[in-house]
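Notes to accompany the following structure.
The values are calculated or read from the model by the stated rules, or taken from the named source; none is laboratory data. Not measured: the values here are computed from a predicted model. Quick reminder, even Gly has a Cβ in these numbers, built from the backbone with ideal geometry, and neighbours come from all protein chains shown. Side chains included, ligands, DNA and RNA excluded: accessible areas come from the protein's heavy atoms. Shrake-Rupley method; radii C 1.70, N 1.55, O 1.52, S 1.80 Å.
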Amino acid sequence: MNTSNNWLSDYINIGSDTEGLADTLTMAGLEVEEITEIGDLQESIIVGEILERNPHPDADKLSLCTVSNGSETLQVVCGAPNCDAGKKVAFAQIGTDFGDFKIKKAKLRGQESFGMLCSESELGLGDGHDGIMILDDNATVGSSLKVHLGTDTMIEWEVTPNRPDWLSHIGIAREISAMTGAKLTIPEIVLSEVPGNINELLTVKVEDVELCSRYMARYIKNVKVGPSPKWMQDYLNAVGLRPINNIVDITNFVLMECGQPLHAFDARLVKDNTIIVRRAKHGEKTTTLDGTELELTTENLLICDGEKGIALAGIMGGANSEIREDTTDVILESAAFNAVNIRASSKKLKISSDSSYRFERGCDFNMVEYASKRAAALLCEYAGGELVEGCIDEKQSDYQAHSLDCRYARVNKIVGITITPDTVKGILELLGLTVTDDCETHCTVTVPSFRLDLGREIDLIEEVARIHGYDKIPAKTPEGILGGWIKADEFYGRQQFTDSILSLGLNECVHIGMVSNTDAELCAIDSAEWVELSNPLSLEYAIMRPGLFASLLSTVARNISRGNDNLALFELGRVFKKDADEELQCCIALTGLKQPGRYSAELEDEYDFYDLSGLITDLCKDLHVDKMTIEKSQDPLFENGICASVKSGGIEIAVIGQIKKKLTKSMRIKHPLFVGIVNAEKIISQLGKTTPYSAVSQFPAVSRDVAFLAPSKLKHADVVNLIEKLNIKILSNIHLFDIFEDEAFGDKKSMAFSFTFRVPDRTLTDKEVNKAHDKIKTALENELGAEIR
């Protein structure tokens, strides 16, 4: 994207420090590729006047021109066809250095020449090379051409694909305003219309609203095709566009001003006064403005009249409807085309333009109307046109702006420094967002139509950080770990979790964070909570994964298909749900034999539910998870009766069980598949706790057993919780070693526990142990209704 400083100055005061401005915007993410000075001419190049033109006696294509430099007349030999007497021209005097050559007194075909009459291209002021540069009649002979023309600076910007709003002078000016606080002025438009009914002059039909969400047309009568005003030509030249005529130049000017591509049709060449926006027919051909004949498919969008295609939508106009010298009536098109379709068509047809470059990045729905009005007003002013009253605006619906919440605490957490709420709101407003609600904790903003990249709160936070200044975020040396643990550091917490689970003998898997719709359904998460990609690489990667299960299941299937039936796998990664923070999840999969290849088949035990529950127990113990319990549960992924919920302090941290056979029947799996889905976020949040060292007691332990009948619904956790509440200081371990159920017991079951008693400083007496043991039995009888056996 090229901008002209003189052009930008029409909208905002950019000052004189171009290098400083470039550095400021580069630090904000709008990178400057190159800065080029335009019109920085040598003082020896002046305004000259041709007083007389005579033919060269020995060369048919050369002329002898008598040129005034304001103080004397000089003879100059010139080969341009337009070196007519009375014209004021760009005159390079003797001594002018053009790099490759230096102007000096010379003889051309025997005639002396004391300088050179220059073209625009020779001066680096444009592409014009058909003749010498002709100046305005008010130019002062002998004055510096640099002073007469003025200078300009062209800046080439590297615009990222997600910021199409930067592909215009107004967009860059808006960014400068946000960074510097300078006032942004958008040109006001006053349309002068003549009576008439545009619907009697033109009909517009949009047959594919998916590829063309809006199509606006205006009708301008009695235009006079000619050169555009000098200021407009200078602006276009400055950004690398060649002026053609006032009609085309105005559409290009508005393109570079607003970022909205336009196209002008010669109305008399549009058959049946009808414009139809439709998909091309397979094999249909059209010829573009550059003379290229294209063979189209049904994937290409075509602008047609009543008979044929007249433009390749969003990419280039057709040669059969272009503006000509005798054009009098113009149909002005301004539209919003589908970005994906334009990008695919441009790539497939190998044709690109300034229009396609913008459309394929996404267009501003509301800018369609502004750009149409702006161009219509300029056509009336500089082409003498008469704008027919009204316009045709085909669209499915108006633009529906969306709102986002921005939490101040979240901004400070992500950015790493404290930014006041007023500063946050001020930055968002400078960027063109409207604050619609504000409270102590957050503000709500409405996103304008030109900011296609703002879809989540994190996007707002990025904008705040960018405009506030990345350079204002202090550098901080990472903290080291010296014999301790940094609880707040997510990386180290994640690493400790990974190290712990690796120590249990599992192998780690890593998958891409995107899945297909089918895989997302396997995670048993409501589709309303899925985070769908607006522009996925393929349907296989259309959803940000709501869980890890589907990806791990595919890895299990891939291993089994290759003969690897014995697996102990896990993955630790982030999962995504709509309107929720990303969550760190761990998924564990066990299947096959625990120790394959042993000399005795009796030693080749296969994994079962208790291996998985034991693994989860060891993991939680290693990571100091408080008050862990395992309770019977149900889950749509697991077989009934072989599923459990793992809780810490009453909060679920994992669900484990045997995967339903219908989910594995296509794998040819030989052994049951056991899976654990762990909320690693909740476990890691408890890290940082230290376990005080306690020496191993040198004194013997004493064991006591108790067996009792209890209600069938009594859980192991109920017994443990009751005994822990007794606060028996000499009790060091509780172990359930038997559960027995029989019809003779009715609605009861037999449970048997072993209790270990020990203290670190002495040997316990029988009296102490018996007292503690009796206290436990009494509590079991009174509190749980147990019948001691």
Going through segment 240-252 in order, the residues found to be of a type in the set (A, V, I, L, M, F, W, C), over 33 Å from the mean Cα position of the chain (by Cα) and either within 25 Å of residue 35 (Cα to Cα) or at pLDDT 95 or above (or both) are 247, 248
Listed by first then second residue, the pairs whose first member lies in segment 451-479 and is free of Cβ contacts under 8 Å to residues at least 60 places away in the same chain and over 15 Å from residue 403 (Cα atoms), whose partner is assigned to a loop (DSSP other than H, G, I, E, B) and open to solvent by less than 10 Å² (accessible area, probe 1.4 Å), with beta carbons under 7 Å and at least 6 positions apart or on separate chains, are 463/431; 464/419; 468/419
Note to self: So for segment 577-597 (the condition being of a type in the set (Asp, Glu), open to solvent by 40 Å² or more (accessible area, probe 1.4 Å), at pLDDT below 90 and within 18 Å of residue 506 (Cβ to Cβ)), does at least one residue qualify?
What the structure shows: no
Condition set open to solvent by 70 Å² or more (accessible area, probe 1.4 Å) and of a type in the set (Lys, Arg), scope segment 193-224, selection nearest to residue 337 (Cα to Cα): answer is 205
Exception for residue 571 within (1) modelled with pLDDT under 90; (2) open to solvent by less than 50 Å² (accessible area, probe 1.4 Å); (3) of a type in the set (D, E, K, R) falls at (1)
Checklist line | Test result for residue 42, farther than 29 Å from residue 188 by Cα, part of a strand (DSSP E or B), open to solvent by 40 Å² or more (accessible area, probe 1.4 Å) and not hydroxyl-bearing (Ser, Thr, Tyr) | finding: no
When residue 255 is run through (1) at pLDDT 95 or above; (2) open to solvent by 40 Å² or more (accessible area, probe 1.4 Å); (3) not hydroxyl-bearing (Ser, Thr, Tyr), the failure sits at (2)
Margin query: Given the condition open to solvent by less than 20 Å² (accessible area, probe 1.4 Å), hydroxyl-bearing (Ser, Thr, Tyr), farther than 22 Å from residue 592 by Cα and without any contact (Cβ under 8 Å) to a residue 24 or more places away in the chain, answer yes or no: does some residue in segment 678-698 qualify?
Written below: no
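Residues checked against (1) closer than 25 Å to residue 535 by Cβ; (2) surrounded by 21 or more Cβ atoms within 10 Å (Cβ to Cβ); (3) modelled with pLDDT of 95 or more:
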{"residue": "291", "(1), (2), (3)": "no, no, no"}
{"residue": "303", "(1), (2), (3)": "yes, yes, yes"}
{"residue": "306", "(1), (2), (3)": "no, no, no"}
{"residue": "320", "(1), (2), (3)": "no, no, no"}
{"residue": "325", "(1), (2), (3)": "no, no, no"}
{"residue": "330", "(1), (2), (3)": "no, yes, yes"}
{"residue": "348", "(1), (2), (3)": "yes, no, no"}
{"residue": "360", "(1), (2), (3)": "yes, yes, no"}
In segment 616-646, residues that are of a type in the set (D, E, K, R) and either assigned to a helix (DSSP H, G or I) or closer than 18 Å to residue 501 by Cα (or both) total 4
Here is a check on your reading of the model: is residue 234 among the acidic types (Asp, Glu) and open to solvent by less than 10 Å² (accessible area, probe 1.4 Å)? no
Among the residues that make up segment 645-662, is at least one of them touching an Asp or Glu at 6+ places or on another chain (Cβ under 6 Å), on the phi < 0 side of the Ramachandran plot, surrounded by 15 or more Cβ atoms within 10 Å (Cβ to Cβ) and hydrophobic (A, V, I, L, M, F, W, C)? yes
Scanning segment 1-39 residue by residue, those open to solvent by less than 10 Å² (accessible area, probe 1.4 Å), outside any loop (DSSP other than H, G, I, E, B) and of a type in the set (Ser, Thr, Tyr) turn out to be 3, 4
Of 256, 232, the only residue that is among the hydrophobic types (A, V, I, L, M, F, W, C) and within 16 Å of residue 359 (Cα to Cα) is 256
Log entry, pairs with first residue in segment 732-748 being free of Cβ contacts under 8 Å to residues at least 12 places away in the same chain, second being part of a helix (DSSP H, G or I), beta carbons closer than 9 Å, six or more apart or on different chains, reads none
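Considering only residues of segment 362-419 that are aliphatic (A, V, I, L, M) and open to solvent by 70 Å² or more (accessible area, probe 1.4 Å), which is modelled with the lowest pLDDT?
The extreme case among them is 414.
Say we look at segment 205-251 and pick out the residues that are assigned to a strand (DSSP E or B) and aromatic (Phe, Trp, Tyr); which of these is nearest to residue 380 (Cα to Cα)? Lay out the reasoning, then the answer.
Taking segment 205-251 and keeping what is assigned to a strand (DSSP E or B), we get 205-206, 212-221.
Now narrow it down to the ones that are aromatic (Phe, Trp, Tyr): 215, 219.
Numbers: 215: 21, 219: 11 Å.
The extreme case among them is 219.
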Of 419, 414, the only residue that is in contact (Cβ under 8 Å) with a residue 24 or more places away in the chain, over 25 Å from residue 365 (Cβ atoms) and not in a helix (DSSP H, G or I) is 419
(1) surrounded by fewer than 20 Cβ atoms within 10 Å (Cβ to Cβ); (2) over 25 Å from residue 520 (Cα atoms) all hold for residue 642 apart from (2)
Scanning segment 93-110 residue by residue, those open to solvent by less than 50 Å² (accessible area, probe 1.4 Å) and in a strand (DSSP E or B) turn out to be 106
| Does residue 73 qualify as being touching a Ser or Thr at 6+ places or on another chain (Cβ under 6 Å), more than 24 Å from residue 185 (Cβ to Cβ) and of a type in the set (S, T, N, Q)? | yes
Within segment 493-522, restricting to residues that are crowded, with 17+ Cβ neighbours inside 10 Å and of a type in the set (D, E, K, R), the one that is farthest from residue 547 (Cα to Cα) is 494
Flag for residue 429 being under 30 Å from residue 564 (Cβ atoms), modelled with pLDDT under 95, open to solvent by 90 Å² or more (accessible area, probe 1.4 Å) and not in a loop (DSSP other than H, G, I, E, B): no
Note to self: Going residue by residue through segment 174-191, is there one that turns out to be open to solvent by 20 Å² or more (accessible area, probe 1.4 Å), touching a helix residue (DSSP H, G or I) at 6+ places or on another chain (Cβ under 6 Å), at pLDDT 90 or above and of a type in the set (Val, Ile, Thr)?
What the structure shows: yes
Restrict the check to segment 307-318 and report whether at least one residue is outside any strand (DSSP E or B), touching a residue at least 12 places away in the same chain (Cβ under 8 Å), β-branched (Val, Ile, Thr) and under 25 Å from residue 398 (Cβ atoms). no
Quick count over segment 67-92, residues being touching a residue at least 24 places away in the same chain (Cβ under 8 Å), closer than 18 Å to residue 139 by Cβ, of a type in the set (S, T, N, Q) and open to solvent by 50 Å² or more (accessible area, probe 1.4 Å), is 1
Can you find a residue that is open to solvent by 90 Å² or more (accessible area, probe 1.4 Å) and among the hydroxyl-bearing types (Ser, Thr, Tyr) anywhere in segment 723-740?
no
Listed by first then second residue, the pairs whose first member lies in segment 250-274 and is among the charged types (D, E, K, R), whose partner is part of a helix (DSSP H, G or I) and open to solvent by 10 Å² or more (accessible area, probe 1.4 Å), with beta carbons under 6 Å and at least 6 positions apart or on separate chains, are none
